[in-house]
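As structure tokens, the structure follows; a few thoughts come after it.
The values are calculated or read from the model by the stated rules, or taken from the named source; none is laboratory data. In this text, all values refer to a predicted model and were calculated from it rather than measured experimentally. Neighbour counts run over all protein chains shown; Cβ positions are idealised from the backbone, glycine included. Ligands, DNA and RNA are stripped out before the accessible areas are found, and what is left, the full protein with its side chains, is counted by its heavy atoms. Shrake-Rupley method; radii C 1.70, N 1.55, O 1.52, S 1.80 Å.
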Amino acid sequence: MLTQAPRGTKDVLPTDSYRWQHVEAHMRKAAAEAGFREVRTPVFEHTELFLRGVGDTTDIVQKEMYTFKDKGERSITLKPEGTAGAVRAFLESSLYADALPCKMYYLNAPIFRYEAPQNGRLREHHQFGLECFGAQGATADAELILLAYKLLGTLGVKNLSVNINSIGCPKCRPQYHAMLKSFLGERISCMCDTCKTRFDRNPLRVLDCKVEKCQELVADAPSMLDVLCEECAEHFAQLQECLKASGIPYQVDSRIVRGLDYYTKTVFELITTTDKGNLTVCGGGRYDNLVEQLGGPSMPAVGFGMGIERVLMLLDSEGVEIPKPDQYDVFVTYMGNNKIPAFMLVQNLRKAGIHADMDHTGRSLKAQFKYANKTGAPLCITLGDDEVANGVVKIKNMNTREERTAALADAAATVREMLGE
Ligand code: ATP
Ligand code: MG
């Protein structure tokens with residue numbers, strides 16, 4: 001128990017973190033290229049924010065939130081998604097008063113959901129997400145979809161399909177709700193238990209159910225796309241025009257509704273087919289009413305969330321090699337009483353930007369070499385009495401066995417040369 005991480009959580013170990021850093025670097029770059037700047041919001045928020053923001057009929061709020069009372073008797077919830085916190089920060093700091101659109105991204109945000117842990121489904125996962133406030137045009141939706149698609153492609157995710165839908169707005173959705181309810185009403189006895197409760201609270205959610213019999217049942221449900229109001233239909237047409245112009249393949253899937261209540265108009269998912277079935281890597285959409293719903297001005301907005309663990313899982317299953325950086329450029333070994341000169345040499349090499357280290361455990365010279373080899377350091381320096389007396393170092397290439405002697409003062413430059421820099 002003591003040495004076991006809680007169910008549904010995962011450590012990123014020092015030997016593996018380079019994989020995360022690789023993916024994160026690409027994410028930062030893609031966001032920055034499109035003018036998004038990073039936002040960091042707290043890991044927990046007042047529970048009320050998610051009740052009002054995410055929607056109290058959603059799976060997340062109904063059964064997945066980590067909610068507790070703090071010592072001051074406040075109800076606190078660990079972030080179950082990224083958008084509500086971003087909107088809260090946007091409102092709290094009146095960012096709507098600055099030039100719009102306001103474009104922000106979050107990276108590595110820990111997200112907590114009490115779900116049944118399984119392949120690709122954790123209780124703590126991490127998301128990369130983008131939010132664009134104050135842009136009502138469909139080009140803003142297209143920009144996000146394109147960014148996610150290109151980013152995943154660059155990283156090496158294959159078999160990616162882009163699925164889009166429109167779930168309308170408060171003007172046109174009630175009519176659809178009524179149509180869908182009458183369709184589902186006739187079939188309610190065949191639905192799963194969760195969907196039976198969804199039927200009353202939020203029938204749209206039934207379209208999103210992952211239970212097979214429910215999926216079969218809704219296969220020929222009426223489509224929201226047939227009843228979009230003029231404004232929503234026009235927006236959806238423009239989105240498709242943008243996607244076509246940028247040449248990315250996409251599919252319209254009228255069953256995509258997304259698991260959060262705040263969406264309006266565009267919703268989308270980027271899905272990959274793996275040998276274990278379909279996996280959604282990225283989901284997002286437009287939420288034109290959320291900012292106002294949380295007490296702010298009327299403010300169109302669009303965003304997405306991408307699961308970093310899922311991206312890494314896909315790269316793994318597709319055998320994409322992520323370059324593993326060396327831990328060290330050079331390892332300094334020493335003989336006899338030369339511990340302090342070795343220590344100072346390591347410090348000076350580091351000052352010059354070289355990744356250097358030495359033994360701290362009192363190993364013999366032979367054992368120091370063995371350890372240096374194990375770390376994979378490409379170069380090794382030896383400091384013996386002669387070297388210290390003469391103010392020189394011996395630098396050895398551990399692969400080619402080439403050895404050079406350099407003046408102590410030139411050690412860093414010679415190391416660089418030998419590294420081929
Ligand atoms: P799913 O349909 O898989 O339940 P979702 O619709 O609940 O996903 P979102 O709320 O849209 O997911 O979250 C955005 C992304 O975060 C997902 O596309 C996925 O990549 C990732 N994600 C969501 N839940 C988890 C989880 N429990 N474990 C790992 N990644 C997750
Ligand atoms: Mg989910």
- Residues of the stretch 297-314 classified as surrounded by fewer than 22 Cβ atoms within 10 Å (Cβ to Cβ), in a helix (DSSP H, G or I) and more than 16 Å from ligand 2 (Cβ to nearest atom), total: 1
- Query: When the stretch 223-255 is examined, which residues are found to be out of contact with any Phe, Trp or Tyr (no Cβ under 7 Å at 6 or more places or on another chain) and under 27 Å from residue 62 (Cβ atoms)?
  - Reply: 223, 253, 254, 255
- Message: Just the residues that are away from ligand 2 (no atom under 15 Å from the Cβ), of a type outside the set (A, V, I, L, M, F, W, C) and in contact with a strand residue (DSSP E or B) (Cβ under 8 Å, 6 or more places away or on another chain), please, taken from the stretch 256-296.
- Response: 264, 265, 266, 272, 273, 286, 287, 288, 289
- Note on the structure: Listed by range, strands (runs of 3 or more DSSP E) wholly within the stretch 351-421 having at least 1 residues that are more than 13 Å from residue 331 (Cβ to Cβ) are 392-397, 403-407
- Task: Could you tell me whether residue 53 is touching a Ser or Thr at 6+ places or on another chain (Cβ under 8 Å), closer than 30 Å to residue 234 by Cβ and at pLDDT below 95?
- Result: yes
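Conditions tested, residue by residue: (1) outside any helix (DSSP H, G or I); (2) at pLDDT below 90.
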residue	(1), (2)
189	no, yes
196	no, yes
215	no, yes
233	no, no
238	no, no
244	no, no
248	yes, no
254	yes, no
257	yes, yes
- Complete set of residues in the stretch 13-59 that are β-branched (Val, Ile, Thr), buried (at least 16 other Cβ atoms within 10 Å of the Cβ) and under 20 Å from the mean Cα position of the chain (by Cα): 23, 39, 41, 54
- Query: residue 374: free of Cβ contacts under 8 Å to residues at least 12 places away in the same chain, more than 20 Å from residue 326 (Cβ to Cβ) and open to solvent by 20 Å² or more (accessible area, probe 1.4 Å), yes or no?
  - Reply: no
- Message: Of the residues 154, 194, only one is touching a Cys at 6+ places or on another chain (Cβ under 8 Å), polar (S, T, N, Q) and closer than 29 Å to residue 273 by Cβ; which?
- Response: 194
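Specify the residue that is nearest to residue 370 (Cα to Cα); the eligible residues are those in the stretch 321-350 that are under 21 Å from the mean Cα position of the chain (by Cα) and exposed (fewer than 14 other Cβ atoms within 10 Å of the Cβ).
Filtering the stretch 321-350 for residues that are under 21 Å from the mean Cα position of the chain (by Cα) and exposed (fewer than 14 other Cβ atoms within 10 Å of the Cβ), the one nearest to residue 370 (Cα to Cα) comes out as 324.
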- Among residues of the stretch 57-76, those that are within 16 Å of ligand 2 (Cβ to nearest atom) and without any contact (Cβ under 8 Å) to a residue 60 or more places away in the chain, counted: 6
- Query: Say we look at the stretch 208-246 and pick out the residues that are over 26 Å from residue 277 (Cα atoms) and among the small types (Gly, Ala, Ser); which of these is farthest from the chain's Cα centre (by Cα)?
  - Reply: 233
- Message: For the stretch 121-148, give me each residue that is out of contact with any helix residue (DSSP H, G or I) (no Cβ under 9 Å at 6 or more places or on another chain) and surrounded by 22 or more Cβ atoms within 10 Å (Cβ to Cβ).
- Response: 140, 144
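Table: residues versus (1) outside the structural domain of residue 308 (by TED's automatic domain parsing); (2) in contact (Cβ under 8 Å) with a residue 40 or more places away in the chain; (3) more than 19 Å from residue 214 (Cα to Cα); (4) of a type outside the set (A, V, I, L, M, F, W, C).
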{"position": "149", "(1), (2), (3), (4)": "no, yes, yes, yes"}
{"position": "155", "(1), (2), (3), (4)": "no, yes, yes, no"}
{"position": "181", "(1), (2), (3), (4)": "yes, no, no, yes"}
{"position": "190", "(1), (2), (3), (4)": "yes, no, no, no"}
- Query: Would you pick out the residues in the stretch 212-271 that are of a type in the set (D, E, K, R) and either within 16 Å of ligand 1 (Cβ to nearest atom) or under 21 Å from residue 188 (Cβ atoms) (or both)?
  - Reply: 212, 213, 216, 220, 253, 255, 258, 261, 269
- Message: Take the conditions at pLDDT below 95 and not acidic (Asp, Glu) and apply them to residue 23. Does it pass?
- Response: no
